[in-house]
């Protein structure tokens, strides 16, 4: 009678090796996917930063600005540009956005979902006001900037931009052609930088 035990042991050994190889391949694929997603997020973050700050001499990102009443307001970006200080309020909203200067709430329609969010111009005006209260010589203006995931079929409200248009609104050429900034502007900017603190709200705000 032929002893099949060695054959069975060999087959079990092969099955174990094959299972180990498959498990190793799965782990490698998962690791590559994680690394790819991390790389894409990092590349997107770098592209966002370059787009927003390309026309600025200096900038602050994700800071708390004191409101003069013991509190503070989060600001996504403060830019020192050839026009003065620019307050940037980032919004990451997907879908068709319908809003206007006189509307208390703006409406979003995305796939099967419909919802509203508070007019972001109000928050922008508040942020501009607290920055202006801290710096007297440096002009201050602001923009609400929406990510490309959103669209405004009826047109953009006042002080509202799409991210792709920000470079045209505050171009690099404007910074290069302006020469040196006035000393008073530099001094005011330094005062603003000194009173701002890091904010824990580091991601572009969604509408809800």
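The numbers here are math on the coordinates, done by the rules we state, and not lab data. Remember, it's a predicted structure, so these values are computed and weren't measured experimentally. Glycine gets a Cβ as well: all are built from the backbone with ideal geometry, and neighbour counts include every protein chain shown.
The residue 187 and residue 129 beta-carbon pair, evaluated with R₀ = 22 Å, returns a calculated FRET efficiency of approximately 0.55. For the residue pair residue 33 and residue 12, what label-to-label distance in nm results when each label sits 7 Å from Cα along the Cα-to-beta-carbon direction? My value for the distance between the label points is 3.3 nm. The mean of 1/r over all distinct Cα pairs in the chain, once inverted, gives the Kirkwood hydrodynamic radius of 20.5 Å. Here the spin labels are modelled as points 7 Å beyond Cα on the Cα-Cβ line, and at residue 154 and residue 25 they lie 5.6 nm apart.
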